[in-house]
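Written out below as structure tokens is the structure these notes cover.
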Amino acid sequence: MGMDNGQIPSQHRVLFQRSQKLRPISVSDLRPNPANTSEPPYDGLLADHLNNIARLKRLRADAVDRILRIHRKPKVGNHIRPTPVTPKREALRDILDQRPAQFWLQHCALPFDRMGRTALVLVTDAKCVTALQEELSDIFDEILPVIAERDVIEKQLLAHFSETLTTAANQSVPAAQSCRSYNIARARLYAGITGFFLTAALIFTPVLVLTCLSVLAFMSLVFFTLLRSAGMYWMLHRKSIPPKPNLPSERPFISMIVPLYREAEIGKQLLRRLCRLSYPRDRLEILLVLEADDDVTRNAVRCADLPPWFRVVHVPPKDGLKTKPRAMNYALNLCRGEIIGVWDAEDAPAPHQLDIVAQKFANAPENTVCFQGILDFYNPDHNWISRCFSLEYAGWFRVVLQGLAHLKLVVPLGGTTMFIRRDVLNQLGAWDAHNVTEDADLGIRIARKGWQTQMLPITTYEEANSRVIPWIKQRSRWLKGFIMTYLVHMRRPKVLLQDLGLWRFVGFQAFFLGTIGHFLLAPILWSFWLVALGITHPTQTMLPASALNIATVTLIVFELMNITIWWFGARASGRPWLALWSITMPIYFIMGCAAAYKALYEIFAAPFFWDKTAHGVHHRPRHRHRWFHGQASPQTRQRFALNAWCKRPKYDP
């Protein structure tokens, strides 16, 4: 018992706490001194200290025995799935509350026992203990790591911080830039007043109202023409593709978020496609994000044999809000990657897609923080709607967006095949959970910070809506989101102008006013075809004949520009035959007009309602696999033809 203080191992001195400063211990101090009862009993202190050391050793041995024991399941392919035993001792809740949830999830650490200023902490990698020790130096002098599986740690952290994380997922974006501060009652009041006066004006002065609407329609047409002119400029001035730079020596860790909701029909096809990725498995994770009460998708995923680089995230309910951006906000807390990407449930990315993403980020300037890939469809030849939809996408992603990115204007993101730096996404507050076009909103917030978005020379194929009602539902959600996004960012136009600058501000107005006005006021524009046919237009009594002729010529020029853009887009997509359907696009956009008025109604009736798009109608392309041509080598296409629809997903170990 006569151990001197200098002989006590340094790693255990933290267990010996004294209420006052003591002088060094000598041998004479250990003898009883009846005359002096005020001195502390050193025999008892040293005994307690040695007991604490012995208890700590037993505790560590017990923890290792309890936590590191692994029950092995049968092999799944070439993998053995370890299932660790969950620690019986609960986590130290008082310690967890001293740091935000993101801190513990980022370090993947769980303190579950302490003694004085020494703590036992579950971690996945002992290398992170040094950084963790520095962050927790105000609480602990020493951290003793116990290695455990990530699932064990995250399960307890998510259970403890469930309320915090779900609330943060709903409100991650500041209220000034979020749709959640949208006042429905006030909007309905303004809409009612506007509707009353508009109806009265139509009754008493119909020609005047029609003339004013015609002016607004042509203003939106001018905006839309300017927007498409950017794409034409890029097509006419684009340079030859420079040689590909080499891949970075150390590839970045990429986390891909795949939101799923009621996707039982497409689950198997999605897993087969994602398992063909060529990116190194140790630098990649794919998070399948499910709603906690979505039994349909949960059962489908449960039946699949997921590779170890797949993870399933269940999003708890909160306030009845179920949107894609909310689910992605929650899953972002569990992402380990420095680059965050998004794929949709029906996507079919090229196997080498992530290699190109890593290459582009490694060679991009500092202010380029986001990349948007090209979207296309793998079922364009199903029917007339799918052909026109594919032609519209070809013109938009392969021509118009390319021009916007080249001119450094605001690039509205596409919702999938989008890649962004993790630190930038955190600074922006991630996605707006209440915005049904969270992708376009994120693109604007990126531009408001002075950053840039560039286009990727890669294509992701997805399923085109080929039925009228689902098409209208999907397009109405997009247009509703555009209207909401425009209203949110135009709350303070002067501040928006300062953030974007004049050049980007004009591009912002051209995109939103041109897109929204083009669909809402389309019937007014179509009426000017009467002038081209020699029929009297209703506004002829208030507008001079020269104005009507100029309007008709403008409309014809606009349609010719559209046909040219669709022709360029069809050629760029490797499907020049699609350009033959460009003359039928005006009929196709009649559905867009119906979707616009549905969106306008929902702005006041259900602004946050997410009209789910049904997928899985077309599981596979036609026998020619035309969608894969031009995107892979002949060997890859041959392997795809042989193994595309195997029963179980194949993946590299």
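The table below gives the values:
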item	result
Value of D in µm² per second that Stokes-Einstein yields for the stretch 341-496, Kirkwood Rh from Cα pairs, at 20 °C (1.002 mPa s)	130
Alpha-carbon gyration tensor eigenvalues x 5, square-rooted, for the stretch 137-281, Å	51, 32, 18
Backbone HN-Hα couplings from phi across the stretch 495-507 [Karplus 6.51/-1.76/1.60, Hz, Gly and Pro as x]	5, 4, 5, 5, 6, 8, x, 4, 4, 6, 5, 5, x
Around residue 312: net Lys/Arg minus Asp/Glu count, Cβ-Cβ under 9 Å	+3
Protein accessible area in the stretch 454-568, 1.4 Å probe - carbon and sulfur %	71
Magnitude of the charge dipole, the stretch 455-588, Cβ model with Lys/Arg +1 and Asp/Glu -1, debye to 20	420
Label-point gap, in nm, between residue 135 and residue 94 - each point 7 angstrom along Cα→Cβ	2.2
R0 of 56 Å, Cβ-Cβ distance residue 338-residue 536: FRET efficiency to nearest 0.05	0.30
FRET E, pair residue 368, residue 106, Förster distance 22 Å, beta-carbon r, rounded to 0.05	0.35
Global form of the stretch 303-424, assessed from the alpha-carbon gyration tensor, a/c cut-off 1.5	oblate
Radius 11 Å from Cβ of residue 579, net charge of other residues (Lys, Arg +1; Asp, Glu -1)	+3
Contour excess over end-to-end distance, with Cα ends at residue 293 and residue 162 and 0.36 nm allotted per residue	45.6 nm
Full-extension gain in nm, residue 561 to residue 209, via 0.36 nm per residue minus C-alpha separation	123.8 nm
Cα gyration tensor, the stretch 451-519 - rounded (a/c under 1.5), prolate or oblate	oblate
Whole-number D in µm²/s for the stretch 389-478 (Stokes-Einstein; Kirkwood sum over Cα pairs; 37 °C, 0.692 mPa s)	227
Total charge dipole magnitude, the stretch 160-297, about the Cα centre, Cβ charges on Lys, Arg, Asp, Glu only, Debye to nearest 20	780
The stretch 329-380: C-alpha gyration tensor shape, a/c 1.5 cut-off, then a/b vs b/c	oblate
Accessible area in the full protein assembly, largest first, 1.4 Å probe, for 321, 96	321, 96
For the stretch 107-176, share of DSSP beta bridges that run antiparallel, in % to the nearest 5	50
Share of Cα-Cα pairs in the stretch 247-338 lying beyond 23 Å, as whole percent	26
Contour excess over end-to-end distance, with Cα ends at residue 546 and residue 182 and 0.36 nm allotted per residue	126.7 nm
Net charge contributed by nearby residues that have their C-beta within less than 13 Å of residue 101 (K/R +1, D/E -1)	-1
R0 of 22 Å, Cβ-Cβ distance residue 426-residue 151: FRET efficiency to nearest 0.05	0.40
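The values are calculated or read from the model by the stated rules, or taken from the named source; none is laboratory data. Please read these numbers as outputs of a predicted model, since none were measured by experiment. For neighbour counting, all protein chains shown are included, and Cβ atoms are generated from backbone atoms with ideal geometry for every residue, glycine included. SASA here: full protein model, heavy atoms, side chains in, ligands and nucleic acids out. Shrake-Rupley method; radii C 1.70, N 1.55, O 1.52, S 1.80 Å.
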